[in-house]
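What follows is one structure encoded as structure tokens, with my remarks underneath.
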Amino acid sequence: MKYHIVSYGCQMNDYDSELMAGLLEETGYEKVDRPEKADVIVVNTCCVRETAERKVWGLLGTLKRLKRRKPDLVIAVTGCLPQQNGAAEDIRRRFPHVDLVIGTHNRHELPRLVEEVRAAREPLCAVWREAGEVIEGLPVRRESKLSAWVPIMFGCDNFCTYCVVPYVRGRERSRRPEDIIREVETLVAQGYREVTLLGQNVNSYGRGLDPPTDFATLLERLDRVEGLWRIRYTTSHPRDFTQRLIDVIANSEKVCEHFHLPVQAGSNRILRRMHRGYTREDYLRLVDGIRAAVPEASITTDIMVGFPGETEEDFQDTLELVRQVQFDQAFTFVYNPRKGTPAARMPDQVPAEVKSRRIQELIAVQKEISLAKNRAEQGKVHEILVEGPSETDAARLAGRTRTNKTVVFEGAPAYIGTLVPVEIIEGKLTHLVGVVRNLR
Ligand code: SF4
């Protein structure tokens, strides 16, 4: 039997798709790269923004024709979209050709439920309202042979007023450090050299664990794993980024000098309405603290424009903060209401034309900064973990610096999977261009 997975959204969803692939392969399924060849198609959804939802509706529409041609095909919808209240039934009503709907809390049940649907020839909605215990030791079929996603916690308790994640990923629950360290040691034994630790808010890792622990301690322990070269992590919440964590990262060998710190807005009034739990002054102090301890640090962020009630003055505060911090890169978004979130019920929603003018202005400001930051890398030699052929130019190789900048350069395929010193000769908006320098 053949399976095909379409994955939308964040790194946690990428990991969930690798997990579902591992579970299906453990029960004898084989991966195919085209939906037409599959006996089971899994659509792993995201609902963090309207655009993500629209993509899912579009795909489910096109799968109707395929289902008509292949009546025995099983179409499963998983992930955050069906986990929203009432969404699972809504999917079945709008797309009767969808056979199975499960959520984020029971993706481990996928193979069993697919067989149940196949045997009963009846569609099934099986979404768990509440998250269960963290299940360890499930098979994962990873896309990369070099860099692995390693979830350290699930869910989020922050309830930022615009965000749907706490409603679809549940309450925070952390994996035990021993289980994480064992997984990383196993990955290193399998040839992995880099791990990215995943969590909606990795900085609150360890809450509720007995014996108590925290993210800084976990990083200290992972830094001692023999054979591991690089540790990355996402996503951090600025409010929970402590000086101890900064010091652990500054003194570590393997934790990369890239800090992704979603600020979301530069106005204290808007940060309060977002329930972010920090002020712009707190955020600027954090950035200064990081740069004092890790001078070569790259800092990236997420910024949203058009949050309900955002005035021109609030927006100018955001632009001013962007100019002051000088982010290496910023992921910029237009606020759009998410069903069930407090912000969606707030009055004074910002008109669409104002949102689009503001996002264009923000993108223009950040583009200038990103380009200048990348040009400032020219002449520097960076240690690159070579990931493979460049996505934009197959004749060249690509990899990332410890500061998470993509570098494209000419080199032998034998470099793939190794650390190579590369001198940066050109800084472009989205990446750097380099040449390999005197390999020892
Ligand atoms: S920290 Fe806020 S924005 Fe991030 S996942 Fe949690 S609720 Fe959403």
Applying 1/(1 + (r/R0)^6) with R0 = 56 Å to the Cβ-Cβ distance of LEU284 and CYS125, what FRET efficiency is obtained, to the nearest 0.05?
0.75
For the chain, average projected area of the Cα convex hull in nm²:
21.6 nm²
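Okay, helix-only estimate at 222 nm for the chain: each DSSP H run of n ≥ 4 adds -39500 (n - 2.57), divide by all residues, round to 500 deg cm²/dmol; what do you get? Mind dumping the intermediate values first?
Details: 13 runs with 153 residues, N = 440.
For the chain, the value works out to -10500 deg cm²/dmol.
Taking Cα atoms of segment 381-436, Rg/Rh with Kirkwood Rh, to two decimals?
On the way: Rg = 9.6 Å, Rh = 10.6 Å.
Checking Rg against Rh, the ratio lands at 0.90.
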I'd like the distance separating the alpha-carbon centroids of segment 323-367 and segment 384-422, in whole Å.
33 Å
In vacuo Debye sum over C-alpha of segment 2-126, base-10 log of normalised intensity I(q)/I(0) at q = 0.09 Å⁻¹, listed in q order, is -0.20
Using Cα springs under 10 Å in a Gaussian network model of the chain, which residue among ILE152, ILE425, ILE299 shows the largest mean-square fluctuation?
ILE425
For segment 302-404, count the residues as N, evaluate 2.2 N^0.38 Å, and divide the Cα radius of gyration by that value, please.
1.42
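Charges at C-beta only: +1 for Lys and Arg, -1 for Asp and Glu. How large is the resulting dipole of segment 53-106 about its Cα centre, in Debye rounded to 20? Working shown, then result.
Working: 11 positive and 5 negative charges, 83 e Å.
Its charge dipole is roughly 400 debye.
Please identify the helices of the chain, taking whole runs of DSSP H, that span at least 27 Å along their own axis as judged from the Cα atoms and have a mean Kyte-Doolittle score of -1.0 or higher. Before the final figure, lay out each step's value.
On the way: long enough: 50-69 (30 Å, -0.93); 352-375 (34 Å, -0.54).
Both cut-offs are met by 50-69, 352-375.
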Please name which of ALA148, ALA120, MET304 has its Cα lying farthest along the dipole of the chain towards the positive end, using unit charges on Cβ (Lys, Arg +1; Asp, Glu -1) and the Cα centre as origin.
ALA120
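Given contacts defined as C-alpha pairs under 8 Å and at least six residues apart, what's the relative contact order of segment 22-113, whole-number percent?
On the way: 105 pairs, mean separation 27.8, N = 92.
The normalised contact order for segment 22-113 reaches 30 percent.
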Which trypsin sites (Lys or Arg not before Pro) in segment 222-255 pass both tests, a DSSP loop state and at most 11 other beta-carbon atoms within 10 Å?
ARG224
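Working out 0.36 nm times the residue gap between LYS380 and PHE159, then minus their Cα-Cα distance, what length gain in nm do you get to one decimal? Please report the intermediate quantities before stating the final value.
Values: separation 221, 0.36 × 221 = 79.56 nm, distance 4.15 nm.
Value of the extension gain: 75.4 nm.
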Please report, in debye to the nearest 20, how large the charge dipole of the chain is about its Cα centre when each Lys and Arg carries +1 at its beta carbon and each Asp and Glu carries -1 there.
1060 debye
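Given a cut-off of under 8 Å on Cα pairs at least six residues apart, what relative contact order in percent is computed for segment 295-367? Present the calculation step by step, with values, prior to reporting the outcome.
Details: 78 pairs, mean separation 32.4, N = 73.
Relative contact order of segment 295-367: 44 percent.
Could you work out the relative contact order of the chain? I mean the mean sequence separation of Cα pairs under 8 Å and 6+ apart, divided by the number of residues, in percent. The partial results should precede the final answer.
Details: 859 pairs, mean separation 42.5, N = 440.
Result for the chain is 10 percent.
Could you give the length gained by full extension between ASP33 and THR311, i.e. 0.36 nm per residue of separation minus their alpha carbon distance, to one decimal place?
The ASP33-THR311 span can extend by a further 95.4 nm.
Are there any chymotrypsin sites (Phe, Trp or Tyr not before Pro) in segment 232-324 that are in a DSSP loop and have at most 10 other Cβ atoms within 10 Å? List them by number. Write down the numbers at each step before the final one.
Details: sites: TYR233, PHE241, PHE259, TYR278, TYR283, PHE315; in loops: PHE241, TYR278.
Within segment 232-324, no chymotrypsin sites (Phe, Trp or Tyr not before Pro) qualify (loop, at most 10 other Cβ atoms within 10 Å).
Kindly state, to the nearest 0.05, the FRET efficiency for LYS428 paired with ALA344, given R0 = 41 Å and r defined as their beta-carbon distance.
Working: r = 38 Å, r/R0 = 0.93.
In this case the efficiency is close to 0.60.
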Alpha carbon centre of segment 282-303 versus segment 71-107: separation in Å?
41 Å
Rounded to whole angstrom, the alpha-carbon centroid of segment 1-60 lies from that of segment 232-254 at a distance of 32 Å
Please calculate how many Å² of accessible area the chain carries per residue, with a 1.4 Å probe and no DNA, RNA or ligand atoms counted.
44 Å²
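Could you list, in their original order, any pairs among LYS55/LYS380; LYS254/LYS380; LYS55/LYS355; LYS70/LYS339; LYS2/LYS145 whose Cα atoms are separated by more than 30 Å? Present the calculation step by step, with values, prior to reporting the outcome.
Details: LYS55/LYS380 41 Å; LYS254/LYS380 20 Å; LYS55/LYS355 21 Å; LYS70/LYS339 34 Å; LYS2/LYS145 22 Å.
From LYS55/LYS380; LYS254/LYS380; LYS55/LYS355; LYS70/LYS339; LYS2/LYS145, over 30 Å: LYS55/LYS380; LYS70/LYS339.
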Roughly speaking, to the nearest percent, how much of the chain's 1.4 Å accessible area is carbon and sulfur?
51 percent
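The values are calculated or read from the model by the stated rules, or taken from the named source; none is laboratory data. It should be emphasised that the depicted structure is a prediction, and the values quoted were computed from it without experimental measurement. We place every Cβ from the backbone using ideal geometry, glycine too, and count neighbours over all the protein chains shown. When the accessible area is computed, the model is the full protein with side chains, heavy atoms only, and any ligands, DNA or RNA have been set aside. Shrake-Rupley method; radii C 1.70, N 1.55, O 1.52, S 1.80 Å.
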